[in-house]
Structure formats: C-alpha cells, structure tokens
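The structure appears below as structure tokens.
Read-outs throughout are calculated quantities, based only on the coordinates presented, and are distinct from any laboratory measurement. On a predicted model such as this, the values are computed, not experimentally measured, just so you know. All Cβ positions, even for glycine, are placed from backbone atoms using ideal geometry, and neighbour counts span all protein chains on display.
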Amino acid sequence: MISQSLLNPKSIAVIGGSNDITKPGGKVISNLLTHGFKGKLYAVNPKEKDVQGMPCFATSNDLPQVDLAIIAVAAKFVEETIRVLAHEKNCRGFILFSAGFSETGAEGKELEKRCVAIVNEVGGTLIGPNCIGVITENYKGVFAGPIPDYDPFGCDCASESGATMVYILEMAIPRGLKFRNIFSIGNSAQIGIEDILEYWDTTFDPATSSKIKLLYMEKISDPKRFLKHARSLVNKGCRIAAIKSGATDEGSRAVSSHTGSLSGSNAAVSALFRKAGVIRCSSRVELVYMAAIFTFPPLTGNRIAVITHAGGPGVMLTDELIKGGMKVPKIDGPKADALLAQLYPGSSVSNPIDFLATGTAEQLGKILDAVENDFDFIDASVVVFGTTGMWRVDDVYKVLHEKMKQCKKPIFPILPSVIQAAEEVSMFHTMGNVNFTDEVSFGYVLSRVYRREKPFTEPALPKIDTKRIRQIIDGAEKGYLSPENIEGLFEAAGINLAKQKTVTTAIEAYYATEVLQFPIVMKVIGPVHKSDVGGVRLNISSREDVEKTFKELIRIPEATAVLMQEQKIGTEVFIGASKEEPFGHVILCGLGGIYIEVFKDITFAIAPVGKEEAASMIRHLKSYPILQGVRGKEGINEELFADAILRLSALLDAAPEIKELDINPLMGSMRELVAVDARICVS
C-alpha cells in the first residue's frame with residue numbers, strides 16, 4: 001500500500017544530507033528547497049553542523065517525528081537507520097537511494113528483505129533501493145534531473161530504472177510533455193509496478209486523475225495483478241504505454257514441441273499487454289511519441305491529410321502511414337481546386353498537401369480550414385513545418401496552435417527545426433502544445449495507436465468434462481501422454497480428433513481397418529519428431545499396405561507402437577500452448593503443418609482466452625487471407641477455429657499440469673475442424 005506519508009509528507013528527513021550537491025544527499029535537498037517543499041525539512045549527517053542553511057542532526061536518533069525519510073547512506077547503515085525511523089520516529093514513508101542490495105547478490109538480497117520487513121511491521125511504504133526517488137505535487141524527492149513542472153493532468157510515470165527515467169524526461173520535456181507523479185522504484189523491494197498500477201487504479205477519479213500512464217519495466221512479478229489493474233485503468237479511459245526490456249530469450253532450453261520453441265517469456269509479455277490494452281514500446285522515442293499522441297483525442301478514423309512545405313518529409317510520412325495500415329486519401333474535385341487557387345503556383349493539394357517552402361501562415365490556416373470543413377473523407381491532419389533559418393516561423397506556429405484548438409479533427413504538429421526554430425518551438429510549448437520532430441517515427445507510432453485493441457474481458461469458457469480430465473491427468477505419469485490419454489482429454493474437452501487406433505502388432509493393425517475408413521494415415525509412436533525419421537505415411541488404402549507399412553514403422557529406432565488414423569483433408573492450422581511462469585499458459589495459433597516452422601506466423605494470448613480474443617488471434621495472422629480462402633481454394637470455418645482455442649483454454653484451466661501442448665495440424669474446412677496430430681507433455 002502506498003501511504004500518504006510517501007505521497008504528501010508534512011516533514012522529510014534526508015539521511016546522508018550534504019552541502020555537496022554532487023552527492024545524492026546534497027542534490028535532493030537542493031531540489032526540495034528549489035522546488036518549494038512547504039513542510040519541515042531535516043538533514044542527518046554526523047560530519048556536518050548545518051546543511052544548505054538548515055540545522056543538521058548527527059544521527060537519526062536525534063530527529064523529531066518525521067513522515068518521510070530519504071536515505072542516501074551506505075547499504076551497511078541502512079537497516080539500523082530504517083529501524084530507528086520506523087519504530088522511534090513514527091516514519092512511514094521511505095525512499096532508499098542507496099545501492100548494494102539484491103542487485104549485488106545473496107547477501108545484499110537478505111539485507112533488502114530485512115529492511116522491507118521492518119517497514120512492513122509498521123505498515124509503511126518503501127521505494128527502492130537503488131532508485132533516484134519520487135516526484136509528486138508536494139515535493140521533488142529526487143537527486144537526478146531534469147525535474148518537470150507539475151501538471152495535474154500530465155503523464156503519470158513509473159520506472160524500474162532511474163537512469164531510464166531521466167532519459168525519458170530528457171526526451172519528453174523538450175517536446176512539450178507535462179508530468180504529474182513520477183516513481184523511480186529501483187529494485188522494487190516492496191513497491192513494484194503492480195503496486196503503482198493498483199494505486200493509480202483504486203484512486204482513479206475521472207475528473208482529477210491523469211489519463212496517461214507510462215511504464216518502464218524490467219520484470220513482471222504478478223501478471224494477474226498487472227492485468228487486473230491495467231485493464232481496469234484502460235476501461236476507465238486511461239491510455240497506457242510501456243517498455244518491458246529483456247525482449248530476447250537468451251540461453252537454451254530443452255524443448256521438443258513447436259510451441260516450446262516458438263513461445264517464451266517475451267511472447268507472454270506481449271500477449272499480457274495486448275490482453276490488458278497496454279501498448280508495448282521498444283524505445284524511449286516510441287514511448288514519448290506514444291505519450292504525446294495520447295494527449296490528443298482518439299482518432300475516429302484512419303484517413304490522414306499530410307500537410308507540408310517540404311516534399312521529402314511528406315512522402316516519407318505517407319509511406320510510413322500506408323505501411324502501418326493508415327490511409328492518405330486522394331483529394332480532388334471542385335473544393336480541392338478552390339483550395340489550390342489560394343496557394344502559390346506549384347503547390348499541390350492532392351495529398352500530401354505541399355504548399356511549398358514559401359508557404360505562409362495564412363495559407364496553412366486555409367488548408368486546415370478546408371480539411372476541417374470541406375473534406376469529409378479526412379479524419380485528421382499531420383502538419384510538417386520547419387525552417388531553413390532564413391526567416392522566423394512564429395506566425396505559422398501561432399496559426400497552427402489556433403487551429404489545433406478550434407478544429408474538431410485532430411491536428412498533429414511535426415516541428416523538425418529544433419535548432420533553427422528553437423525559440424518558436426519553445427513558444428509553441430508555452431501555449432500548452434506538444435510536438436513531434438521525426439515524421440517516420442510519428443507515422444509508425446500513430447498507426448500503432450490507431451490499431452490498439454480494447455482490453456479483452458474475462459472470458460466465459462465452454463463447459464467441458466473436468467472430472468474425466470482430472471482422472472486422466474491424475475493417473476498419468478509425467479512426460480508425454482499416450483495417444484489414448486490425449487484422445488480422452490480431447491473428447492472430454494470437446495476438441496474434435498480424427499478417429500484413430502494404436503496398434504503394436506501387424507495383426508492388430510490388420511483388424512484396425514475394420515473400424516477405420518480408408519485412406520489411412522500411419523504414424524510411428526516413440527520418436528518425438530515423427531516426420532524427421534520418416535515416421536508418417538499417408539494415403540494407405542489397402543490392408544496389404546497397412547501390414548507392410550506397420551512393419552517398416554515399427555523398425556524405426558525408439559518406436560514403441562504405431563498410430564493408425566483416418567486421413568483428413570483441408571487447410572492445415574495449428575493450436576498450441578506452453579506454460580510460461582509466472583504468466584501461466586500462453587496459447588498460440590497459426591498456419592499448421594510444416595508452415596509453422598517455415599513462416600513462424602503465430603499469434604499469442606495469455607490463457608484464459610475468450611471468444612473475442614480468439615477471433616482477434618485468428619484475424620491478426622499474416623496468413624489470415626489463406627484461412628479465408630484464396631483463388632478458389634476453400635477456407636476454414638473461423639468459428640470452429642475460435643471454438644477450438646476456447647476449448648483448449650478450458651482444458652488448460654482444468655489441467656494446469658500441462659507444460660507443452662501441440663495440436664498440429666488441425667485439418668480445416670468450412671464444415672469441420674479436426675485434429676490429426678497432437679502431443680501433450682505434463683509436469
């Protein structure tokens with residue numbers, strides 16, 4: 001729980017306070033004084049008698065009662081300092097700058113745990129260790145800059161890296177972004193990202209709270225809690241952008257399924273964010289551009305007017321918008337001709353609208369008025385306007401500001417001249433605006449924001465035979481399940497499986513043809529990758545071929561039996577699942593058969609998956625047109641595909657012991673979807 005002692009302290013003690021502002025304990029006092037902390041401020045340092053004009057105490061024992069302690073001393077002194085403050089000085093808020101804790105190894109981790117235990121004993125809040133501090137409306141408790149001016153509707157931000165937080169601010173402030181509360185949480189010994197999200201969620205007031213949340217994360221400790229509060233905030237009208245670093249799964253692990261090789265913690269993070277309605281970013285530039293776009297009203301459509309006085313940026317922006325799924329519609333007709341007549345010769349209004357390097361502020365105003373009033377097929381404008389330095393552009397930016405306030409259609413400003421028009425851009429910011437500097441980065445981010453899906457609701461899973469599933473799982477050994485057990489699980493879950501029979505002798509194979517219709521598929525049981533060892537035979541259409549094929553397959557090394565199955569035809573698709581702690585099961589789907597390895601065209605979702613999310617997984621496959629049917633070839637029944645994903649989700653809920661699962665392929669048509677090969681590993 002985040003206490004009021006942390007958010008709104010009436011008194012602050014800086015342990016390790018200093019006159020040297022090149023030290024954290026000196027700089028934070030300077031920041032607190034400079035930015036007008038109105039409460040009582042104390043310093044503790046045995047080597048000083050006064051610090052920056054304030055009396056200084058020799059030890060924490062000498063302090064009066066205090067709400068918040070900012071600790072900037074060596075790690076070995078921290079535990080006793082916290083103990084004194086918590087138990088003797090009624091301190092309930094702690095910001096721990098100090099390093100030397102869990103990031104250093106086992107000993108540091110134990111020290112960190114002991115410090116947290118003391119804070120927990122008194123119901124306090126600890127930020128850090130190894131952080132740069134906290135910024136709220138009431139105080140600027142950080143030792144690093146820059147420090148943004150407080151804005152009640154600015155961005156809320158939380159970061160697990162202090163340096164990254166600094167660099168985000170370095171990029172955001174010069175683009176006009178405003179900030180509200182900032183939490184640098186370091187090692188997250190007690191308070192992590194999930195706690196910050198919960199605080200934002202439980203205290204959210206649509207009239208007074210910020211609706212823009214920015215996150216930098218290095219770990220996700222509690223995915224379910226993250227999902228709960230992030231989804232709740234988005235549903236309340238917030239927009240959240242986040243960086244989760246560690247996007248590559250380094251190191252090897254033993255996997256023997258397609259799912260195991262294709263999934264991983266990074267895929268799970270992306271799936272979690274998508275489920276919650278959080279937009280994942282890969283860089284500070286992307287995060288800041290997301291935040292800036294969030295300050296504008298959401299787009300009502302994807303049809304964009306590109307307005308520029310420089311041809312090159314307009315073309316590059318158009319290319320990026322189109323690549324991202326946006327539209328840059330052609331503008332023509334009488335109203336377009338009327339607009340063109342008001343511009344200098346050589347201008348173009350066909351979109352991009354290029355009104356030349358000599359274009360004026362008045363002309364820009366007329367263009368924006370025309371887009372607003374005359375072109376109903378345009379949803380928003382992007383204006384790219386800089387300067388060669390030959391003349392000032394104050395008048396242009398003033399018109400741009402006025403139209404941004406007047407027009408109902410969003411107008412996004414890209415102002416690339418950060419050196420030659422620095423004064424004009426600064427003026428633009430003082431009027432309450434944000435701006436972008438790179439048209440391609442902007443186009444990419446705008447496209448992603450427009451494509452953002454709403455959070456997926458908690459699903460209602462189909463009813464399945466949970467009792468039978470538990471009987472099979474409880475009676476099975478760890479490792480790969482037998483075909484009979486897989487058949488039983490699928491039957492209990494309502495997943496359609498091709499009719500099949502396992503045989504261990506040629507005689508059994510012969511008599512199996514009495515219950516299986518030709519043509520038949522025969523597959524070796526034992527080797528993990530059957531195709532790699534020649535263990536799959538198709539189009540077997542006689543009893544003689546059955547006997548011959550059985551003898552060939554059973555001689556394959558590691559073969560223990562042969563699976564005989566009625567052969568199905570159709571489009572091959574794939575469904576799989578992998579258990580990725582701490583996220584739970586990640587469900588995958590895509591084009592199946594050998595194509596899964598070649599194209600790796602896969603979409604992911606965190607279980608449980610509902611109908612809406614399953615449909616989204618299918619639609620977002622690059623191979624989706626193939627599933628719809630192309631060039632006269634029949635597609636597959638999407639409802640059956642989605643239902644299979646839901647039933648797999650229900651199976652995983654009933655059998656959390658499932659470690660990896662492949663259903664590859666399912667043979668799909670408009671009439672049926674049938675699993676013809678499956679592998680399940682339980683732990």
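Some notes on this structure:
- Placed amide H near Ile95: partners under 5 Å, 5+ positions off or other chain: Ala69, Ile70, Ile71, Ile127
- One Cα centroid belongs to region 399-439, the other to region 161-226; the line between them spans 26 Å.
- Cβ-defined net charge surrounding Phe143, 14 Å radius [Lys, Arg +1; Asp, Glu -1]: +2
- Under-5 Å amide H pairs with Tyr42, H placed in peptide plane, nonlocal only: Ile12, Ala13, Val14
- For region 499-567, the relative contact order is 49 percent, taking Cα pairs closer than 8 Å that sit 6 or more residues apart in sequence and dividing their mean separation by the residue count.
- Close amide H pairs (under 5 Å, H built 1.01 Å from N) link Asn664 with Asp677, Ala678, Arg679, residues at least 5 positions away or on another chain.
- Karplus-derived HN-Hα couplings along region 602-607 (A = 6.51, B = -1.76, C = 1.60, θ = phi - 60°), whole Hz, x at Gly and Pro: 10, 10, 10, 8, 7, 6
- Between 0 and 90°, nearest 10: helix 394-406 axis offset from the chain longest Cα axis: 60 degrees
- DSSP bridge pairs, the chain: antiparallel proportion in percent, nearest 5: 50 percent
- Rounded to the nearest Hz, the phi-derived 3J(HN,Hα) couplings of region 113-118 under the Karplus curve 6.51 cos²θ - 1.76 cosθ + 1.60 (θ = phi - 60°) are 4, 5, 5, 4, 4, 5, where x marks glycine and proline.
- Once the Cα atoms are used to define both axes, helix 284-294 deviates from the longest principal axis of the chain by about 80 degrees.
- Charge tally in the Cβ shell below 13 Å around Ile411, where Lys, Arg are +1 and Asp, Glu are -1, Ile411 excluded: 0
- Region 73-140 versus region 619-636: alpha-carbon centroid distance in Å: 57 Å
- Computed from Cα positions, the angle between helix 193-202 and the longest principal axis of the chain comes to roughly 70 degrees.
- Only helices enter this figure: runs of n ≥ 4 DSSP H residues, each worth -39500 (n - 2.57), summed and divided by the residues of the chain, yield -11000 deg cm²/dmol at 222 nm to the nearest 500.
- Here the 3J(HN,Hα) profile of region 227-237, calculated from phi with Karplus coefficients 6.51, -1.76 and 1.60 at θ = phi - 60°, is 4, 4, 7, 5, 4, 4, 5, 5, 5, 8, x Hz, Gly and Pro shown as x.
- Peptides 502-510, 26-34 ranked from most to least packed, by the mean per-residue count of other Cβ atoms within 10 Å: 26-34, 502-510.
- Sequence-distant contacts, meaning Cα pairs under 8 Å at least 6 residues apart, place the relative contact order of region 48-167 at 19 percent.
- Region 139-228: trypsin sites (Lys or Arg not before Pro) falling in loop per DSSP and having at most 16 other Cβ within 10 Å: Lys219
- Looking at region 627-666, the trypsin sites (Lys or Arg not before Pro) that sit in a DSSP loop and have at most 10 other Cβ atoms within 10 Å of their own Cβ are Arg631, Lys633.
- For Lys113, the lysines whose Cα comes closer than 20 Å to its Cα, not counting residues fewer than 8 places off in the same chain, are Lys76, Lys219.
- Reported value for region 140-294: 123 Å³ per residue, from the convex hull of its C-alpha atoms.
- Local net charge near Gln420, Cβ-Cβ under 14 Å (Lys/Arg +1, Asp/Glu -1): -2
- Each part reduced to its alpha carbon centroid, region 16-35 and region 580-616 end up 51 Å apart.
- Average Cα contact separation per residue, region 140-294, under 8 Å, 6 or more apart, as relative contact order %: 24 percent
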